[in-house]
Amino acid sequence: MKVVAVYSTKGGVGKTTAAVNLAWEASQSFRVLLWDLDTQGASSYLLEVKAKIRGGIDSLVSGKMVAGDAIRPTPHPNLDILPADDSYREIELVFDAAKNSTRRIEKVLDSLGERYDVVILDCPPGASLVAENAVQAADVVVVPLVPSPLSLRSLDQVAAIVAEAAQPTPVIGFLSMVDRRKAAHRVAAESLHRENTTVSDILVPSTVIVERMGAARAPVATYAPNSEAAQAYEKLWKRIAGIAKVKHPKRKR
């Protein structure tokens, strides 16, 4: 099982949008779990899943609830979700009080290795204990970047958190919400991936097609498969899968 953390220290950069679309792209070939770690529960909403965990996040982290019992199916084949509910507002305190506080996500996922090929973590923004947990568990950290000169600052902040993890984890950045009508966006799109090898050349455009996710409550490729945005997420997932070396496991017949 490979774990992909979609994370940024900055909010409003298209993180949840990326997590949902990458999870759907991965589900076309693999068994996928999306863990919604954001207190807003946006991934849960977009995938039409009621945000409710019996006993809350404390029961999940403490082991009182088996992780599999909290997982819910989505309308999309091979794509399940571990939803966020109101109890996630206390997630920092729950992690902090737990033994081995930076490895709680790993602990929860340990029991799911035979059930899923890929886990996508939709992380909350900011530098937090949840972020440390996600980075610790991840095989790849994916960082959405708004196209501006300050983009690399948030990437550097993520890289610093990754550098403190027990083992080095690859980081891949991509430009999100790119509006080529804006000069600053065009410059960033043309130069950032050349200035920093961590930034890929993959661009997700700012478009009403992506904005429609909120109304459609579905990944972009399900209603606009030929759009530039859908093709960008498909390309990004293939890049991530290559970095993480995602492979189909040998299953018992």
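The values are calculated or read from the model by the stated rules, or taken from the named source; none is laboratory data. From a predicted model like this one, the values you see are computed outputs, not experimental measurements. We place every Cβ from the backbone using ideal geometry, glycine too, and count neighbours over all the protein chains shown.
Within region 192-205, work out how many residues are over 19 Å from the mean Cα position of the chain (by Cα), among the polar types (S, T, N, Q) and surrounded by 13 or more Cβ atoms within 10 Å (Cβ to Cβ).
1
It is to be established whether one or more residues within region 128-146 are of a type in the set (A, V, I, L, M) and out of contact with any helix residue (DSSP H, G or I) (no Cβ under 8 Å at 6 or more places or on another chain).
Yes, there is a match, as at least one residue in region 128-146 is of a type in the set (A, V, I, L, M) and out of contact with any helix residue (DSSP H, G or I) (no Cβ under 8 Å at 6 or more places or on another chain).
Scanning region 98-115 for residues that are under 18 Å from the mean Cα position of the chain (by Cα) and hydrophobic (A, V, I, L, M, F, W, C), which turns out surrounded by the most Cβ atoms within 10 Å (Cβ to Cβ)?
Per the criteria, the residue is Ile105.
A quick yes/no check of all residues on (1) under 15 Å from Ala5 (Cα atoms); (2) of a type in the set (Val, Ile, Thr); (3) without any contact (Cβ under 8 Å) to a residue 12 or more places away in the chain; (4) assigned to a strand (DSSP E or B):
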residue: Ser148; (1), (2), (3), (4): no, no, no, no
residue: Asp156; (1), (2), (3), (4): no, no, yes, no
residue: Leu175; (1), (2), (3), (4): no, no, no, yes
residue: Arg194; (1), (2), (3), (4): no, no, yes, no
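Tell me which residues, restricted to region 224-244, are free of Cβ contacts under 8 Å to residues at least 12 places away in the same chain and not in a helix (DSSP H, G or I).
Answer for region 224-244, where residues must be free of Cβ contacts under 8 Å to residues at least 12 places away in the same chain and not in a helix (DSSP H, G or I): Pro225, Asn226.
Test Pro168 against the criterion of being modelled with pLDDT of 90 or more, over 18 Å from the mean Cα position of the chain (by Cα) and not in a helix (DSSP H, G or I), and give yes or no.
No: the conditions fail for Pro168.
Mind checking whether some residue in region 186-198 is closer than 21 Å to Lys238 by Cβ, of a type outside the set (Ser, Thr, Tyr) and in contact with an Asp or Glu (Cβ under 6 Å, 6 or more places away or on another chain)?
yes
Select from region 160-189 the residues that are surrounded by fewer than 17 Cβ atoms within 10 Å (Cβ to Cβ), of a type in the set (A, V, I, L, M, F, W, C) and in contact with a strand residue (DSSP E or B) (Cβ under 6 Å, 6 or more places away or on another chain) and list them in ascending order.
none
For region 138-154, which residues satisfy the criterion of being under 15 Å from the mean Cα position of the chain (by Cα) and either surrounded by fewer than 24 Cβ atoms within 10 Å (Cβ to Cβ) or among the acidic types (Asp, Glu) (or both)?
Passing the criteria: Asp139, Val140.
Looking at region 99-123, which of its residues are at pLDDT below 90, in contact with a helix residue (DSSP H, G or I) (Cβ under 8 Å, 6 or more places away or on another chain) and not in a helix (DSSP H, G or I)?
The one that is at pLDDT below 90, in contact with a helix residue (DSSP H, G or I) (Cβ under 8 Å, 6 or more places away or on another chain) and not in a helix (DSSP H, G or I): Asn100.
Hey, can you tell me all the residues within region 61-81 that are among the hydrophobic types (A, V, I, L, M, F, W, C) and either closer than 19 Å to Gly214 by Cα or out of contact with any strand residue (DSSP E or B) (no Cβ under 8 Å at 6 or more places or on another chain) (or both)?
Across region 61-81, the qualifying residues are Val61, Met65, Val66, Leu79, Ile81.
Answer yes or no as to whether Leu121 is touching a Ser or Thr at 6+ places or on another chain (Cβ under 9 Å) and surrounded by 14 or more Cβ atoms within 10 Å (Cβ to Cβ). Don't jump to the end; show me each part of the working.
Values: touching a Ser or Thr at 6+ places or on another chain (Cβ under 9 Å): no; surrounded by 14 or more Cβ atoms within 10 Å (Cβ to Cβ): yes.
Considered against the rule, which asks whether it is touching a Ser or Thr at 6+ places or on another chain (Cβ under 9 Å) and surrounded by 14 or more Cβ atoms within 10 Å (Cβ to Cβ), Leu121 comes out as no.
Of a type in the set (A, V, I, L, M) and under 21 Å from Val141 (Cβ atoms) - does that describe any residue in region 213-228?
Scanning region 213-228 turns up no residue that is of a type in the set (A, V, I, L, M) and under 21 Å from Val141 (Cβ atoms).
Mind checking which strands (runs of 3 or more DSSP E) fall wholly inside region 1-97 and carry at least 1 residues that are among the acidic types (Asp, Glu) and either surrounded by 24 or more Cβ atoms within 10 Å (Cβ to Cβ) or at pLDDT 90 or above (or both)?
32-36, 79-82
What pairs come out if I take residues in region 1-30 that are within 13 Å of Val246 (Cβ to Cβ) and pair them with residues that are aliphatic (A, V, I, L, M) and in a loop (DSSP other than H, G, I, E, B) whose C-beta lies under 7 Å away, six or more apart or interchain?
Close Cβ pairs (under 7 Å, with a partner that is aliphatic (A, V, I, L, M) and in a loop (DSSP other than H, G, I, E, B)) amount to Lys2/Val246; Val3/Ala138; Val4/Ala138; Phe30/Val246.
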